[in-house]
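To start, the structure itself, in structure tokens.
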Amino acid sequence: MGERYDVVVVGAGNAALCAALSAAEAGASALALEKAPRYLRGGNTYFTGGLFRFAYDAPEQVFDLVADLTDEERARVDLGSYPESAFEADLARMTDGRADAELARVLVSRSYSTMAWLRDKGVRWALAYGRQAFERDGRARFWGGLVLEAVGGGVGLSDRLFELAERAGVEVEYEAEAVGLEMGERGVSGVVVRGPHGTRKVRAGAVALASGGFQANAEMRARHLGPAWASAKVRGTQFDTGDGIRMALDAGAQAFGDWGGCHAVAWDLNAPAFGDRKIGDLHQKHSYPLGIVVDVEGRRFVDEGADFRNYTYARYGREILTRPHGAAFQIFDAKTVELLRDEYRIPQVSKVEADTIEGLAAGLGVEPDGLERTVAEFNAAVRPGAFDPAKLDGKSADGICPPKSNWALPLDTPPYVGYAVTCGITFTFGGLRVDGRARVLDSEGRPIGGLYAAGEMVGGLFYGNYPGGSGLMAGAALGRAAGEGAAGVSG
Ligand SMILES: Cc1cc2nc3c(=O)[nH]c(=O)nc-3n(C[C@H](O)[C@H](O)[C@H](O)COP(=O)(O)OP(=O)(O)OC[C@H]3O[C@@H](n4cnc5c(N)ncnc54)[C@H](O)[C@@H]3O)c2cc1C
């Protein structure tokens, strides 16, 4: 008869382990097949900041998710609220209204209950002070609709999910690469798996695919995103090569979403080709709203202050790739350097400090006349007003192209610091079409029997841009639905 599980999950990142946990909760036997060896496990999830975006109407709802907050701490934070309408509006704004309505509704309406489900399962949450708050009048004021991260960030989240899944009876097999789907009379009936000892078939009541996007596959990047993307640095795992997407398409699944789009950010110019497990996400450089960004000719090319960073960062990587040598330089002066995020203080950072703009340009390899001209023009364009990084302060630099819409301070206080960055791809937006129950749909829009998908490999939610913290949330919400559904059909 061979091996058989009620549910086989492909992958072992956030979406897969949420699927496995919910299948086990429903009483199903579950196997997670993971292509990576154990010591490289965790997928992109391991590299994340562990930040989750979810809707809440009042701070008390957030406090309910976080263990051990003292009254003093509660009084010291200003969380505001982030109702479902605000989450929905952010998603619509980021995607120019193109996000699939059903998937958007699932993401938003199940966001809080999924956070609570994960808490009940044993995932621990913490307030994201370091990344999402600025001090104002003795209180930590949170901004951008993003307030919680998993304890220990992506590493903590990944380790915890493995621990919880194993405790729930989920089997995890490493160096087990899914290479194809087996089809039976009622749809998918198993998975073909390649491992160190050869290829075998594992039978399944249902299969939940959660094996990531195709960002680590240079050929697919070049084909779908454009030739320049072949050389982009990959921020996370080298194992997300689009396998699950290809297997499902071969089985008749419908391709969906923004196949020419991806999430890509400013990433250290000297970072390795794939994610570094010790550095995690710290090669990212997300404090550009506090300074200016120029190319190697010293020219600005984005509105650094168009919005809070978590509404612009995911599309600015793409802009960097269009510049000469795919390089850019973030420039700050002594007035804002203290406000830079933690990732600017790692020893591996590509940083130059100088007392003059000319010296900074020479150190960074930027054309000095170009940079001096840009800084002089920028400084002259800065409008008066109060600078406040915790809100859209409207303090702009106008009459230049591009303008800077918020947080514009003249660069006039040495020492000046510059950071060299390039484009780091996070994950791809195109993938499979699923419905609100995470069932994979065929080209006619009908569910393929026994086939579910979740996480990065699902298309239709993100187009062109992305509100930070939505990837883990979408993966958890749809992963949970996939596990539930798969357990239901397989029983
Ligand atoms: C540096 C970085 C920081 C990020 N920070 C955040 C954040 O703070 N918040 C947020 O919401 N999102 C963040 N993201 C986005 C993040 O990628 C997703 O939100 C989420 O981690 C994706 O989870 P997933 O389960 O879909 O994929 P993954 O976690 O990548 O899991 C996919 C798994 O499938 C495995 N696999 C692939 N092919 C096969 C195969 N053929 N057979 C078996 N297994 C296979 C892979 O090895 C991998 O383990 C970040 C991403 C990166 C790279």
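Give me the distance in nm between label points sitting 7 Å out from Cα along the Cα-to-Cβ direction at Lys391 and Ala92, one decimal.
2.4
For helix 368-381, what angle does its Cα long axis make with the longest principal axis of the chain, in degrees from 0 to 90 and rounded to 10?
80
Quick one: length gained pulling Ala222 to Arg38 fully straight, 0.36 nm per residue minus the C-alpha distance?
Contour length minus Cα-Cα distance gives 63.3 nm.
Full extension from Thr356 to Val151: what is 0.36 nm times the residue separation minus their Cα-Cα distance, to one decimal in nm?
Contour length minus Cα-Cα distance gives 69.7 nm.
Could you work out how far the C-alpha centroid of the range 87-107 sits from that of the range 297-346, in angstrom?
26
Round to the nearest 0.05 the FRET efficiency obtained for Ala380 and Asn270 when R0 = 51 Å and r is the Cβ-Cβ distance.
0.95
Out of Leu225, Gly252, Gly460, whose Cα points farthest toward the positive end of the dipole of the chain (charges: +1 Lys, Arg; -1 Asp, Glu; placed on Cβ)?
Gly252
From the phi of every residue in the range 309-323, what ³J(HN,Hα) in whole Hz does the Karplus formula 6.51 cos²θ - 1.76 cosθ + 1.60 yield, where θ is phi - 60° and glycine or proline is x?
Each residue's phi maps through the Karplus curve to give 4, 6, 10, 10, 4, 6, 10, 7, x, 4, 4, 5, 4, 7, 7 Hz.
One-quarter of the Cα convex hull surface for the range 264-424, in nm²?
Its Cα hull, projected and averaged over all orientations, spans 8.4 nm².
What dipole magnitude, in Debye to the nearest 20, does the range 287-431 give about its Cα centre under +1 on Lys/Arg Cβ and -1 on Asp/Glu Cβ?
Here the size comes out at about 480 debye.
Within the P(r) computed for the chain, what percentage of the Cα pairs occupies the region above 38 Å?
Roughly 25 percent, once rounded to a whole number.
Take the alpha carbon gyration tensor of the range 298-342, find the square roots of its eigenvalues, order them as a ≥ b ≥ c, and report rounded if a/c is under 1.5; if not, report prolate when a/b exceeds b/c, else oblate.
Oblate, because a/c is 1.5 or more while a/b does not exceed b/c.
Using a basic spin-label model with each label point 7 Å from the Cα along Cα→Cβ, how many nm lie between Ser443 and Ala255?
1.1
Could you give each residue of the range 480-487 its phi-based ³J(HN,Hα) in whole Hz, using Karplus coefficients 6.51, -1.76, 1.60 with θ = phi - 60°, and x for Gly or Pro?
4, 5, 4, x, 4, x, 5, 5
Round to a whole angstrom and tell me the spacing of the C-alpha centers of the range 14-47 and the range 365-382.
Distance between centres, Cα-based: 50 Å.
By its C-alpha gyration tensor, with a ≥ b ≥ c as the square roots of the eigenvalues, how is the range 346-491 shaped: rounded for a/c under 1.5, else prolate for a/b larger than b/c, else oblate?
prolate
From the phi angles alone, apply the Karplus equation (6.51, -1.76, 1.60; θ = phi - 60°) to the range 265-275 and give each ³J(HN,Hα) in whole Hz, x where the residue is Gly or Pro.
Those phi angles translate into 10, 6, 9, 3, 4, 9, 5, x, 4, 10, x Hz.
Please check which bits of the range 342-362 a label hung off Lys278 would reach, taking the label as a point 7 Å along Cα-to-C-beta and the cut-off as backbone N under 12 Å.
Zone members listed by number: 347-348.
In the range 449-474, whose amide N lies under 18 Å from the spot 7 Å out along Cα-to-Cβ of Arg105? List them in ranges.
Flagged as within label range: 460-462, 474.
Using the per-residue mean of other Cβ atoms lying within 10 Å as a proxy for protection, in what order, highest first, do the peptides 64-74, 329-339 fall?
329-339, 64-74
Report, in debye and to the nearest 20, how large the dipole of the chain comes out about its Cα centre when Lys and Arg carry +1 and Asp and Glu carry -1 on their Cβ.
Approximately 840 debye in magnitude.
All of the numbers you see were taken from the coordinates with simple rules; none came from a lab. As the structure is a prediction and not an experimental result, all values here were calculated from the model. Positions of Cβ are backbone-derived with ideal geometry, glycine not excepted, and every protein chain shown enters the neighbour counts.
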